[in-house]
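Asks: Structure in structure tokens, see below.
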Amino acid sequence: MNEPRRARPVVLAAPSGAGKTTIARRLVDSGDDFVFSVSATTRAPRKGERDGIDYVFTNRERFLEMVGHGEFAEWAEVHGRLYGTPLRNLVEAAETGVHPLLDIDVQGARQIRESVPEALLVFVLPPSGEAWVDRLRGRGTEDDDEVTLRLETAAAELDAVRGFDVVVVNDDLDETVDRVRAIVLSGAPGLETDERDRRVEGLRADLARTLTGRT
């Protein structure tokens, strides 16, 4: 009797506002190839978020207890809040032949590279700095100071792009979802290295103008 194939975990990482969470949800909703790995966090739920569906919401004490017991494949502190991927999510999904999909930050992706070396790391870029800022402000979930903080963090996160297996640009959501699906299921390519570097430098310039208030 053949054992079920173990599916490769897939990491989607991106700066805030690049759309990785929406991409992850579309992939999960579009068929049986992906299952969402629900992260644990100590931050408060945003409007419409459901415990156990969007995140497992917990307090700092309980989160650190889980860290001590080795229950996370990765975890990190971001803007004063703790986020982590329960290891059981990856084990249970992989054993059923479904790709566990991780919607995490750059710090978490680095840890996954170490703890789960077979994982596929996908970095999602926004199409432009202007669109990026508009998305963050349009969410209405962060005030201006937090938007600025996230943009400053994003500038540093762009340095991590070269450590990812594949880079995609989320210009058109439907096309991006199809591209990521093809990358995972059939080995389709992401951005070529030259195009990746050109886009990253363009985003850096856009961010610099935004953060310094220049037009």
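Asks: Springs between alpha-carbon atoms under 10 Å, Gaussian network over the chain: tell me which of Ile53, Ile112, Ile23 tops the mean-square fluctuations.
Replies: Fluctuation is largest for Ile53.
Asks: For Cα Rg over 2.2 N^0.38 Å, the choices are (i) 1.10; (ii) 1.17; (iii) 1.01; which was calculated from the structure?
Replies: (iii)
Asks: Counting helices only, and only those DSSP H runs with n ≥ 4, report the 222 nm mean residue ellipticity of the chain as the sum of -39,500 (n - 2.57) divided by its residues, in deg cm²/dmol to the nearest 500.
Replies: Details: 8 runs with 97 residues, N = 215.
That comes out to -14000 deg cm²/dmol.
Asks: Kindly identify region 93-182 as rounded, prolate or oblate by the Cα gyration tensor criterion: order the square roots of the eigenvalues as a ≥ b ≥ c, call it rounded if a/c is under 1.5, otherwise compare a/b with b/c, prolate if a/b is larger, else oblate.
Replies: prolate
Asks: OK, next. Classify region 42-156 as rounded, prolate or oblate from the Cα gyration tensor: take a ≥ b ≥ c as the square roots of its eigenvalues, call it rounded if a/c is under 1.5, otherwise prolate when a/b beats b/c and oblate if not. Mind dumping the intermediate values first?
Replies: Values: a/c = 1.83, a/b = 1.42, b/c = 1.29.
Note, shape of region 42-156 comes out prolate.
Asks: Continuing with this model, one more query. Rounded to the nearest 5, what is the percent of antiparallel bridges among the DSSP beta bridges in the chain? Kindly include the intermediate steps, with their values, before the conclusion.
Replies: Numbers: 8 of 27 bridges.
Bridges in the chain that DSSP calls antiparallel: roughly 30 percent.
Asks: With the Cα gyration tensor of region 28-87 giving a ≥ b ≥ c as the square roots of its eigenvalues, does the rule (a/c under 1.5 for rounded; else a/b larger than b/c for prolate; else oblate) give rounded, prolate or oblate? If you can, show how the numbers build up before the last one.
Replies: On the way: a/c = 2.37, a/b = 1.40, b/c = 1.70.
Oblate.
No value in this document is a laboratory result; all are computed from the given coordinates. Model, not experiment: these values are computed from the prediction.
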